1. Using a ≥ b ≥ c from the Cα gyration tensor of the stretch 4-76 (square roots of the eigenvalues), is it rounded, prolate or oblate, where a/c under 1.5 gives rounded and otherwise the larger of a/b and b/c decides, a/b for prolate?
2. Once the piece of chain linking residue 19 and residue 58 is laid out straight, how much longer is it, given 0.36 nm per residue of separation minus the C-alpha distance between them?
3. Take peptides 24-32, 10-18 and line them up by average Cβ neighbours within 10 Å, highest first, as a rough protection proxy.
């Protein structure tokens, strides 16, 4: 994990995110959340029939209204010799 770029930055883990027709890896990193903002992290659940369910992370403001994910200040590092879904699909 790279060092925090600012004292109020928080680390957000990467997660699988739905992008219309497929899931892609959403890289984590350091973000500077708006004042009072909270994040509901992504979740994985299996149904009784074995179906995999993925819930994307959601950010909320202090009034519990959904907001956009804060921009990543410093992204998580992927070694150059590793293939990732991002590099394979151009996201």
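Where a number appears in this text, it was derived from the coordinates with a stated rule and is not lab data. Because the structure is a prediction, the values reported are computed rather than measured. Quick reminder, even Gly has a Cβ in these numbers, built from the backbone with ideal geometry, and neighbours come from all protein chains shown.
1. Numbers: a/c = 2.45, a/b = 1.67, b/c = 1.46.
Taking the square roots of the gyration eigenvalues as a ≥ b ≥ c, the stretch 4-76 is prolate.
2. Values: separation 39, 0.36 × 39 = 14.04 nm, distance 1.48 nm.
Gain in length upon complete extension: 12.6 nm.
3. Values: 24-32: 18.7, 10-18: 15.7.
Averaged packing, sorted descending, gives the order 24-32, 10-18.
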